[in-house]
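Bear in mind these aren't lab numbers, they're just calculated from the coordinates by the rules spelled out. Model, not experiment: these values are computed from the prediction. Neighbour counts are summed over all protein chains in view; Cβ atoms, including those assigned to glycine, are modelled from backbone coordinates with ideal geometry.
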Number of protein chains: 2
Amino acid sequence: MSADKRDHILMVAEKLFGEKGFDGTSVRDIAQQAQVNLAMISYYFGSKEKLLESLLEMRANYTILEALNKDETLSPWQKVDRVIEFYVDKIMRNLCFHNIMQQGNQAQSEEIREYITNIKLKNFEQLKEIILDGQKKQIFRNVDIEMTVGSFMGTISQITLARHFYSKLFAIDINDDAAYIETMTGKLKKHLKQLLHAHLVIRNEELN
Amino acid sequence: MSADKRDHILMVAEKLFGEKGFDGTSVRDIAQQAQVNLAMISYYFGSKEKLLESLLEMRANYTILEALNKDETLSPWQKVDRVIEFYVDKIMRNLCFHNIMQQGNQAQSEEIREYITNIKLKNFEQLKEIILDGQKKQIFRNVDIEMTVGSFMGTISQITLARHFYSKLFAIDINDDAAYIETMTGKLKKHLKQLLHAHLVIRNEELN
DNA sequence: GTTTAATTCAAACGTTTGTTTAGTTTTGTG
DNA sequence: CACAAAACTAAACAAACGTTTGAATTAAAC
């Protein structure tokens with residue numbers, strides 16, 4: 001089994017699933033775009049749905065910032081900044097895959113829905129620990145952690161999911177991937193740092 | 001043309017499109033759920049795509065808070081609070097439709113993508129004006145308005161889009177719509193008020 | 001070089017898709 | 001009641017779907 005060709009199909013499928021949705025993409029679309037014979041997809045993956053599962057497995061290491069969390073030399077503020085850098089970079093580098101993750105709710109297959117939910121839960125736990133740590137050290141306010149993480153992920157998702165909207169808003173060519181990624185990565189990082197700092201910081205008037 | 005039956009089909013379609021996506025929903029699904037003959041959908045709407053267009057038109061008045069914006073007796077802070085109340089209530093009351101709006105990016109039809117983008121632009125303009133007004137009156141900080149609105153909408157969208165995730169997180173029965181809406185509406189409003197207040201308020205140390 | 005296994009392919013499979021047809025029933029009007 | 005328009009239906013349509021087949025080609029092993 002040629003790993004090259006398999007990976008190539010996976011990448012084409014990722015792009016199409018991310019852009020047109022799983023149900024909006026036919027295996028013939030994938031085969032044509034990847035320039036492989038239609039039957040190759042069943043041959044390599046078994047079925048369209050198992051192709052999606054393979055895709056999810058390939059990106060399953062979507063959460064690898066445990067090291068960051070364990071680093072005792074970093075202050076909670078530094079951790080927050082690094083998480084923002086890390087996540088924004090990672091998601092903007094994988095726009096299509098992130099869209100697939102967001103569509104997971106509609107998946108007909110319960111197995112896939114579970115799989116995606118679990119990846120999200122892992123990511124959530126990482127972020128939760130960082131905020132919890134800051135709260136224990138009385139550096140962060142007593143914010144609603146679930147909702148705070150929701151705002152963090154939601155802000156990023158908005159940029160990846162509503163690309164047509166933001167392209168129009170910032171007058172970026174809808175087909176210019178590089179321009180969108182560069183523009184939005186910068187804006188996202190700066191904004192999220194400001195937003196989360198303001199949200200988490202213990203203000204003077206609260207100290208009394 | 002029976003408006004009752006037409007509306008009934010629209011509501012069933014809204015639910016299915018919102019839950020399973022446009023491409024994941026067949027006209028036979030809709031006909032069966034709505035308990036109408038398959039041909040009635042073409043008869044009333046012309047096609048599946050025009051059914052979606054009718055759905056969008058029906059909810060086109062999705063933005064009706066101009067009155068709020070023009071109300072000179074309200075302070076920017078009051079406006080922000082009211083917008084939060086308004087939007088959260090409205091979106092949580094129309095979970096499925098909001099999901100359809102979020103999926104719009106994947107729509108094959110450019111007409112539909114444009115339509116949805118324009119609705120979003122209208123909503124954005126309303127929110128932008130409120131923040132701009134507060135900034136002019138030097139009550140709000142000089143935040144990035146586009147990104148701030150992005151966080152606002154993104155936070156809400158996260159709740160509607162990643163329902164499986166949040167149901168699991170808060171141990172809410174995945175089929176209990178009422179419980180989800182009630183729980184999340186409260187959490188959302190409280191969190192968004194806190195978040196936006198912290199983000200927009202001019203802090204003491206910045207006044208010097 | 002021969003044999004065996006892995007890969008590729010065009011073609012066809014049976015379903016499901018969105019839509020249309022042609023005929024029936026119901027409704028509203030004079 | 002008569003009759004035209006509207007509403008509704010079961011059946012069929014062609015196209016697209018995911019998947020499988022069986023033969024052809026290539027690669028690997030001995």
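The phi-based Karplus calculation (6.51 cos²θ - 1.76 cosθ + 1.60; θ = phi - 60°) puts the 3J(HN,Hα) values of the stretch A:179-184 at 5, 4, 4, 5, 4, 6 Hz, whole numbers, x for Gly and Pro. Placing unit charges on each Cβ (+1 for Lys and Arg, -1 for Asp and Glu) gives the stretch A:61-206 a dipole about its Cα centre, and among A:ILE172, A:ILE156, A:GLN106 the Cα reaching farthest toward its positive end belongs to A:ILE172. Taking amide H positions as modeled 1.01 Å from N, with prolines and chain starts lacking one, no residue 5 or more places away or on another chain lies under 5 Å from B:ILE172. Eigenvalues of the alpha-carbon gyration tensor of chain B, scaled by 5 and square-rooted, set the equivalent ellipsoid semi-axes at 36, 20, 14 angstrom, largest first.
Counts of other chain beta carbons within 10 angstrom of each beta carbon in peptide B:157-170 average 6. The stretch A:96-165 and the stretch B:142-208 have Cα centres separated by 12 Å.
Charge dipole of the protein assembly as shown (Cα centre as origin; +1 on each Lys and Arg Cβ, -1 on each Asp and Glu Cβ, all else neutral): 360 debye, rounded to the nearest 20. In sequence order, the stretch A:143-153 has phi-based couplings of 7, 6, 5, 4, 6, 5, 5, x, 5, 4, 5 Hz under the Karplus curve 6.51 cos²θ - 1.76 cosθ + 1.60, θ = phi - 60°, and Gly or Pro positions carry x. Among the trypsin sites (Lys or Arg not before Pro) in the stretch A:132-193, those placed in a DSSP loop whose Cβ has at most 14 other Cβ atoms within 10 Å are A:LYS137. Partner shielding of B:136-144 amounts to 1, given as the average count of beta-carbon atoms from other chains within 10 Å of each residue beta-carbon.
In summary, the convex hull built on the alpha carbon positions of the protein assembly as shown has an orientation-averaged projected area of 23.3 nm². Placing +1 on the Cβ of every Lys and Arg and -1 on the Cβ of every Asp and Glu, with nothing else charged, gives chain B a dipole about its Cα centre of roughly 280 debye. Taking Cβ atoms as reference points and 15 Å as the exclusive limit, the residues near A:LEU188 contribute a net charge of +2, counting Lys and Arg as +1 and Asp and Glu as -1. In the assembly of identical copies, B:ARG93 has its label point, taken 7 Å from Cα in the direction of the beta carbon, separated from the corresponding points by 4.5 nm (ascending, one decimal).
The order of B:SER54, B:SER109, going from fewest to most other C-beta atoms within 10 Å of their C-beta, is B:SER109, B:SER54. Remark: label point of A:ALA60 defined 7 Å out from Cα along the Cα-Cβ vector; separations to the same position in other copies 4.9 nm, ascending. Loop-located GluC sites (Glu not before Pro) in the stretch B:52-140 (DSSP state other than H, G, I, E, B) with a sparse environment of at most 10 neighbouring Cβ atoms within 10 Å: B:GLU72. The HN-Hα couplings worked out from phi for the stretch B:103-118 by the Karplus form 6.51 cos²θ - 1.76 cosθ + 1.60 (θ = phi - 60°) are 7, x, 4, 8, 4, 5, 7, 5, 4, 5, 4, 4, 4, 5, 4, 5 Hz, whole numbers, x standing for Gly and Pro.
In this simple spin-label model, placing a label point 7 Å from the Cα along the Cα-to-Cβ direction at both B:MET58 and B:VAL201 gives a separation of 4.3 nm. Cross-link pairs exceeding 29 Å in C-alpha to C-alpha distance, out of A:LYS50/A:LYS187; B:LYS20/B:LYS70; B:LYS5/B:LYS193; B:LYS136/B:LYS190; A:LYS193/B:LYS20; B:LYS128/B:LYS168, comprise A:LYS50/A:LYS187; B:LYS20/B:LYS70; B:LYS5/B:LYS193; A:LYS193/B:LYS20; B:LYS128/B:LYS168.
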